[in-house]
Amino acid sequence: MPDIDRHARQIGLLVLAVTVVGWGLNWPVIKIVLREWPPLFARGTAGVAAALLLVGLARWQGDPIAIPARSFPRLAAASFTNVFAWMGFTNVAMQWVSVAEGALLVYTMPLWVMLLEWPIRGVRPTGRRLLALALGLGGVAVLLGDQVHGAGGPTWWLGVGLAL
């Protein structure tokens, strides 16, 4: 049994390493790709390739790939927000913001979730959460530095809006 645990741990670490490298290289590689390809084509190509790979993997493992008709509306909505909006808008934003700014902005999602959960779900923020929100937003403002104080032009602000 210990050999199985060690083997599973090694595979887990390998998968983690591949994820970290892939995630870390994603932003600079996309910025380079955008020099040659339009944003939606660049992400669309990657999305189609990933979809084909996942379908092939599912078939190879014998998993069903059919979508029940009742699930299609929710799947379409989730696909729009998680794939089209996320990949499409962030790629378009990369034309006007730096890699660091783009990555910083898109990963502020937890801050916006906290702000939206009160009006949407009725969850009142605690003092600790408000402090965390203030620190998070303050950190974003510090990291964006001069751009926030007017050095970024109108296209920079458009990039910021799309990234958010």
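Report in % the part of the accessible area of the stretch 56-117 that belongs to carbon and sulfur, leaving out ligands and nucleic acids; probe 1.4 Å.
Details: 2890 of 4080 Å².
Carbon with sulfur: 71 percent of the solvent-accessible area.
I need the Debye-formula profile for the chain: one equal scatterer per C-alpha, no solvent, reported as log10 I(q)/I(0) at q = 0.15 1/Å, two decimals.
The calculated log intensity ratios at q = 0.15 Å⁻¹ are -1.10.
Using only Cα atoms, what is the ratio of the radius of gyration of the stretch 1-53 to 2.2 N^0.38 Å?
On the way: Rg = 16.3 Å, N = 53, 2.2 N^0.38 = 9.9 Å.
Dividing the Cα Rg of the stretch 1-53 by 2.2 N^0.38 Å gives 1.64.
Could you give me the ³J(HN,Hα) list for the stretch 157-164, computed from phi with Karplus coefficients 6.51, -1.76, 1.60 and θ = phi - 60°, whole Hz, x at Gly and Pro?
Per residue, the Karplus-derived 3J(HN,Hα) values read 5, 5, x, 4, x, 5, 5, 6 Hz.
Return one whole number: the accessible area per residue of the chain in Å², for a 1.4 Å probe. Kindly include the intermediate steps, with their values, before the conclusion.
Numbers: 11880 Å² over 164 residues.
Per residue, the chain has an accessible area of 72 Å².
What's the ranking of 49-57, 23-31 by average number of surrounding C-beta atoms within 10 Å, highest first?
Details: 49-57: 10.8, 23-31: 13.7.
Output ranking for 49-57, 23-31: 23-31, 49-57.
At a threshold of 8 angstrom on Cα-Cα distance, excluding pairs fewer than six apart, so keeping six or more, what relative contact order does the chain reach in percent?
Working: 73 pairs, mean separation 45.2, N = 164.
Across the chain, relative contact order equals 28 percent.
In deg cm²/dmol, rounded to 500, what helix-only [θ] at 222 nm does the chain give when every DSSP H run of at least 4 residues adds -39500 (n - 2.57) and the total is split over its residues?
Helix contribution divided over all residues of the chain: -23000 deg cm²/dmol.
Using a Förster distance of 25 Å, how high is the FRET efficiency between VAL29 and LEU143, based on the Cβ-Cβ distance and rounded to 0.05? Please report the intermediate quantities before stating the final value.
On the way: r = 22 Å, r/R0 = 0.87.
Calculated transfer efficiency: 0.70.
If you line up the long axis of helix 2-33 against the longest principal axis of the chain, both from Cα atoms, how many degrees apart are they, to the nearest 10?
50 degrees
What angle do you read, to the nearest 10 degrees and between 0 and 90, between the alpha-carbon axis of helix 39-61 and the longest principal axis of the chain?
It is inclined by approximately 30 degrees.
Rounding to the nearest 10 and keeping the result within 0 to 90°, find how far the Cα-based axis of helix 109-121 lies from the longest principal axis of the chain.
Value to nearest ten degrees: 90.
Evaluate Rg over Rh across the stretch 68-164, taking Cα atoms for both radii and Kirkwood's formula for Rh. Intermediate results must be reported in sequence, preceding the final value.
Values: Rg = 16.1 Å, Rh = 15.2 Å.
Result for the stretch 68-164 is an Rg/Rh of 1.06.
Compute the length gained on full extension between ALA49 and LEU116: take 0.36 nm times their separation in residues and subtract their Cα-Cα distance, giving the result in nm to one decimal.
Details: separation 67, 0.36 × 67 = 24.12 nm, distance 3.39 nm.
In short, 20.7 nm is gained.
The values are calculated or read from the model by the stated rules, or taken from the named source; none is laboratory data. Not measured: the values here are computed from a predicted model. Cβ: placed from backbone, ideal geometry, glycine included. Neighbour counts: every protein chain shown. Accessible surface is based on the protein model in full, side chains and every heavy atom, while ligands, DNA and RNA are left aside. Shrake-Rupley method; radii C 1.70, N 1.55, O 1.52, S 1.80 Å.
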